[in-house]
1. Which of (1) at pLDDT below 95; (2) under 14 Å from the mean Cα position of the chain (by Cα); (3) not hydroxyl-bearing (Ser, Thr, Tyr) does Phe19 not meet, given it meets every other one?
2. Which of the residues spanning the stretch 175-204 are under 30 Å from Arg130 (Cβ atoms) and over 13 Å from the mean Cα position of the chain (by Cα)?
3. Of the residues Val175, Val209, Val225, only one is buried (at least 20 other Cβ atoms within 10 Å of the Cβ) and not in a loop (DSSP other than H, G, I, E, B); which?
4. Residues that are touching a Leu at 6+ places or on another chain (Cβ under 9 Å), crowded, with 19+ Cβ neighbours inside 10 Å, assigned to a helix (DSSP H, G or I) and of a type in the set (Gly, Ala, Ser): does the stretch 185-198 have at least one?
5. Determine the pairs where a residue that is of a type in the set (Gly, Ala, Ser), located within the stretch 21-48, has a partner that is modelled with pLDDT under 85 with Cβ atoms under 7 Å apart, the partner being 6 or more residues away or on another chain.
6. Tell me the residue from Gly223, Gly188, Gly152 that is in contact (Cβ under 8 Å) with a residue 12 or more places away in the chain and touching a His at 6+ places or on another chain (Cβ under 8 Å), please.
7. Which one is most open to solvent (accessible area, probe 1.4 Å) among residues in the stretch 139-172 that are charged (D, E, K, R) and either in contact with a Leu (Cβ under 9 Å, 6 or more places away or on another chain) or in a strand (DSSP E or B) (or both)?
8. In the list Val140, Val160, Val183, Val146, which residue meets the criterion of being within 14 Å of Thr101 (Cα to Cα) and of a type outside the set (Lys, Arg)?
Amino acid sequence: MDGREQLYSLLEGSGNIVFFGGAGVSTESGIPDFRSVDGLYHTHYRYPPETILSHTFFQAHPQEFYTFYRDKMLCLDAKPNAAHWALAALERRGKLKAVITQNIDGLHQKAGSQEVLELHGSIYRNYCTRCHAFYPPEAVRNGTGVPTCSCGGIIKPDVVLYEECLNETVLEEAVRDISQAEVLLVGGTSLAVYPAAGLLRYYSGKHLVLINKSETPADRSAGLVLHESIGEVLAPFCEGWAEEADG
């Protein structure tokens, strides 16, 4: 039995699966990741992306932050790919209990997933830093310069920047779901970003599965490792689901 066959047997036989994913889940939807050859860390701006996407930079240079954010992060027209559809289908069948994602693009929800924990926030939630009024992403996308509230405050995306802490409630829920999972399916992440990557230490279930094109620090501790495209691997589980959701 090859790796894919082992995975399919495992997923079909379990009713307690949790998925933990990163940027690689969305690259097949045309959203660049951070660390690959074509990722955001290899683009050219006046400052490195790591600097631009920091809390300090946001406060000191909001104009340049929003130039980069609109250009590279605000992907409102992106569509779910096979990985998103497959995970939504597994949830609908009662097998997948939660999606824990480092992505901010909302594609899991677009595909139909209901139980989604967004560790790093979402481009679809924006708020005024002064009065905390909520704004949709179009309020940021459709403007120029620094978006401001009617009260005069700056509108900030509800995304976790470097130097900012993860939401404690979301983090606690992620720890709970991972610790209770029978199968932990990890995909599209290099497991290099902490504290998110550290969540794997809370897993004590039977089957740790890693699907990522490149090696990760957790490969040796996983029961099954597939160095393949996650969309291609999970595609058999989304057959007919995308069409049903669109219709």
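The values are calculated or read from the model by the stated rules, or taken from the named source; none is laboratory data. Predicted, not measured: the structure shown is a model, and the values here were computed from it. Positions of Cβ are backbone-derived with ideal geometry, glycine not excepted, and every protein chain shown enters the neighbour counts. The accessibility values were calculated without ligands, DNA or RNA, using every heavy atom of the protein model including side chains. Shrake-Rupley method; radii C 1.70, N 1.55, O 1.52, S 1.80 Å.
1. So the condition that Phe19 fails would be (1).
2. Answer for the stretch 175-204, where residues must be under 30 Å from Arg130 (Cβ atoms) and over 13 Å from the mean Cα position of the chain (by Cα): just Pro195.
3. After applying the criteria, what remains is Val209.
4. The answer is yes; a qualifying residue exists.
5. Every condition considered, the pairs that remain are Ala23/Asp33; Ala23/Phe34; Gly24/Asp33; Gly39/Pro32; Gly39/Asp33.
6. Result: Gly223 is the single residue among Gly223, Gly188, Gly152 that is in contact (Cβ under 8 Å) with a residue 12 or more places away in the chain and touching a His at 6+ places or on another chain (Cβ under 8 Å).
7. The initial filter retains those residues of the stretch 139-172 that are charged (D, E, K, R), namely 141, 156, 158, 163-164, 168, 172.
Add one more test, that the residue is either in contact with a Leu (Cβ under 9 Å, 6 or more places away or on another chain) or in a strand (DSSP E or B) (or both), and what stays is 141, 156, 158.
Working: Arg141: 97, Lys156: 12, Asp158: 57 Å².
Residue satisfying both the conditions and the ranking: Arg141.
8. Val160
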